[in-house]
2 protein chains.
Amino acid sequence: MPRYELHPIGWVESPLVDRASAPRQGDEGAPEAWLVFDPDMRGGIRHLEVGTEIIVLTWLDRARRDVLVVHPRGDPDHPRRGVFSTRSADRPNPIGLHTVRIVEIDGTRIRVRNLEAMNRTPIVDIKPVLGPVEER
Amino acid sequence: MPRYELHPIGWVESPLVDRASAPRQGDEGAPEAWLVFDPDMRGGIRHLEVGTEIIVLTWLDRARRDVLVVHPRGDPDHPRRGVFSTRSADRPNPIGLHTVRIVEIDGTRIRVRNLEAMNRTPIVDIKPVLGPVEER
């Protein structure tokens with residue numbers, strides 16, 4: 001079986017330090033946070049702009065990878081479901097997917113709104129939100 | 001520097017075999033394709049349903065990882081941009097992000113519409129598209 005190696009491009013700096021108290025999604029009361037990029041990534045983050053929405057992909061390094069079935073939102077009253085029909089952090093490849101808005105850029109540090117990832121979470125990719133086909 | 005290991009959960013079966021002729025995004029004329037899951041993932045894909053939209057994360061194994069600046073859409077007439085403000089496949093961690101609709105389920109094979117990933121691309125995660133907060 002092939003394996004692929006992720007190399008973090010940066011890390012999250014956030015007031016969230018405890019999984020139990022973190023919001024489940026960014027639009028459920030998540031705080032502002034800094035995306036702190038490796039200085040080697042400077043060329044890649046050029047052209048990111050304050051005010052725009054971006055998609056942040058993280059590696060949820062505190063998740064369990066041996067789980068295929070969960071109670072959605074960690075609520076035992078919710079019937080168990082296969083992880084791929086949930087947003088559980090626990091899953092075979094715990095990649096976090098976060099849509100956030102840029103509020104400040106300071107060199108290789110980018111401040112964003114509504115990020116539910118915890119402090120020190122590795123960042124593995126950033127993508128723009130796609131607009132309509134004719135504007136690409 | 002920490003490294004993280006991705007384990008494919010399945011593979012794409014698609015008529016697309018050539019990067020040069022593949023559409024740039026799923027909504028730009030991409031064909032139907034099968035997501036073929038490892039039989040061990042059966043528990044995780046339960047509850048995926050025909051007619052729903054899902055987010056497929058892939059590992060773009062034919063991409064270049066040493067590129068930080070590209071001409072968007074591969075067009076030399078477009079000024080070069082940092083890769084994190086483009087959807088280029090070439091990037092430090094070439095994770096593909098695809099929103100597709102399920103059209104058929106056959107055991108551990110799931111047929112989807114509008115997938116621009118090429119044949120044999122590894123699948124690393126599946127997530128539901130999130131609805132409004134009050135319906136989660």
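Miscellaneous remarks
- Distant-in-sequence amide H partners of residue B:114 (H built 1.01 Å from N, under 5 Å): B:32, B:33
- The value of relative contact order for the range A:19-135, using C-alpha pairs under 8 Å at least six residues apart, is 39 percent.
- The Kirkwood radius of the range A:1-123, taken over pairs of alpha-carbon atoms, gives through the Stokes-Einstein law at 37 °C and 0.692 mPa s a diffusion coefficient of 213 µm² s⁻¹.
- FRET E, pair residue A:119, residue B:21, Förster distance 45 Å, beta-carbon r, rounded to 0.05: 0.55
- Within the protein assembly as shown: Cβ-based charge dipole about Cα centre, in debye rounded to nearest 20 (Lys, Arg +1; Asp, Glu -1): 420
- CD proxy at 222 nm, helix term only [per DSSP H run n ≥ 4: -39500 (n - 2.57); per residue of chain A; nearest 500]: -500 deg cm²/dmol
- With a 1.4 Å probe rolled over the protein heavy atoms of all chains, the accessible area of B:100, A:69 falls in the order A:69, B:100, largest first.
- Nm distances between copies for residue B:32, ranked from closest, using label points 7 Å along Cα→Cβ: 4.9
- A simple rule links phi to the HN-Hα coupling: the Karplus curve 6.51 cos²θ - 1.76 cosθ + 1.60 with θ = phi - 60°, which for the range B:3-10 gives 10, 10, 9, 8, 10, x, 9, x Hz, with x for Gly and Pro.
- Debye-sum result for the protein assembly as shown in log10 I(q)/I(0), which assumes one identical scatterer on each alpha carbon, at q = 0.07, 0.10, 0.17 Å⁻¹: -0.23, -0.49, -1.55
- Nearest-first distances (nm) between copies at residue B:108, label 7 Å from Cα via Cβ: 4.1
- Calculated FRET efficiency for the pair residue A:134/residue A:61, C-beta based, R₀ 35 Å, to 0.05: 0.35
- At 7 Å out from Cα toward Cβ: residue B:43 inter-copy label distances (nm, ascending): 4.5
- Rolling a 1.4 Å probe over the protein heavy atoms leaves residue A:53 with an accessible area of roughly 80 Å².
- The loop-placed trypsin sites (Lys or Arg not before Pro) in the range B:50-94, going by DSSP, that have at most 16 neighbouring Cβ atoms within 10 Å of their Cβ come out as B:62, B:64, B:65, B:80.
The values are calculated or read from the model by the stated rules, or taken from the named source; none is laboratory data. Here the structure is a predicted model, which means the values were calculated and not measured. Quick reminder, even Gly has a Cβ in these numbers, built from the backbone with ideal geometry, and neighbours come from all protein chains shown. Surface accessibility is based on the protein's heavy atoms, side chains included, excluding ligands, DNA and RNA. Shrake-Rupley method; radii C 1.70, N 1.55, O 1.52, S 1.80 Å.
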